[in-house]
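All remarks here apply to the structure that follows.
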Amino acid sequence: MTINDTVQSGTFLPDMCGVRALFGVVIIGELLAVVLTLAASGTNAGALERLSMMSLFIQWIGLSAAASLCLSRRLLARLPDTAAALVGYLLILMVVYLICEVVWWVINPLSVGTPLVSVSRGDFLVRVLGTSAIVGALVLRYFFVQHHSKQRMVSEAEARLDALQARIRPHFLFNCMNTIASLTRSEPAAAERAIEDLSDLFRASMAEARTLVSFEEEFDLVRGYLNIEALRLGERLRTQWDIAAIPEAVRIPLLTFQPLVENAIYHGIEPLPEGGIIEIRATCEEDCIAVVVSNPLSEAKTPHQSGNRLAQDNVRQRLEAHFGPRGRLDIDTRDGGYYATVTVPYER
């Protein structure tokens, strides 16, 4: 699951009006009909007819109970889980009782030949209500456990994203502060602009880890960071942008590209005496958007190039947390350049 697959409802009960829930009710009802038929008749000559009648009766009960839970969903959502489970359980039993009464008093006397129900009314009610009570309790228990399991997974995913986000902050803040400190006396105006850019980066780093922003908002942060680094590196740092292909509506995790651009500067531009160009290019395909951040590589081995992959792993894990396997970060080294490609899903 991804971070976007959160539990939206206020109750542990799923949306019984949905197709998936109704399909589950039909499947469970049919399996129950098969089990009861095999237990009562085995595979004798009348088993198929008994199965058809049992299926009709159980599906009637199951779909009616699902409809009652669907109609009372808003009311149940306002109750605590225990109260919602109790009310939902009683609602199911009430629906079962009403259907049993309809079958006994209305449909059964009208049946031609062999009556539909050949036992006494009390025995019929006990059998049906007892079976429904057991099955209903098991189904509600399943919904309850599944709901809290999803909540726990969402909480763990959010905590994991917060931890990843926290690991980003020191990596660029200290570098920016050193640059600003060196400008406060010689170029106070430039230092003031750098502080404004830094405040935007700091505000972004303090945002919730699951925050999604547009590509334009993310690239504005990248430009602010590049402005700060340009004060330190001067003409050694040059950039080329080609991002016109990105649709405006697409959203990505906050601080996806800033760590990659910082890596490009630290491992690619700084070790080269003449500096180099950082290119940011985007392509939009049928079902995804790919953005490549590239920088030149120095032939000589330096401590810069042997640095860890913390920022890349950080970005990769946050993309996977938000988009699942469709969000990824791919790294490639070719033709004297280093290429970090971010791919995110896009539905036209």
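Read-outs: derived from the displayed coordinates by stated rules, not from any lab. None of the values given here were measured: they were computed from a predicted structure. Neighbour counts run over all protein chains shown; Cβ positions are idealised from the backbone, glycine included.
Would you please name the trypsin sites (Lys or Arg not before Pro) within region 8-87 that are DSSP coil residues with at most 11 other C-beta atoms within 10 Å of their C-beta?
78
Measure off 7 Å from each Cα along the Cα-to-Cβ vector at residue 200 and residue 238, then give the distance between these two points in nanometres to one decimal.
2.4
Can you tell which of 280, 241, 266 lies farthest toward the positive end of the dipole of region 232-288, using +1 and -1 charges on the Cβ of basic and acidic side chains (Lys, Arg; Asp, Glu)?
Of the options given, the answer is 266.
Calculate, in nm to one decimal, what residue 131 and residue 31 gain on full extension: separation in residues at 0.36 nm each, minus their alpha carbon distance.
34.6 nm
Around residue 183, with a cut-off of 14 angstrom between Cβ atoms, what is the net charge of the other residues, counting Lys and Arg +1 and Asp and Glu -1?
In short, -2.
In debye, nearest 20: dipole of region 226-348 around its Cα centre with unit charges on the Cβ of K, R (+) and D, E (-)?
300
Taking 22 Å as R0, compute the FRET efficiency from the Cβ-Cβ separation of residue 287 and residue 251 and round it to 0.05.
For R0 = 22 Å, the calculated efficiency reads 0.90.
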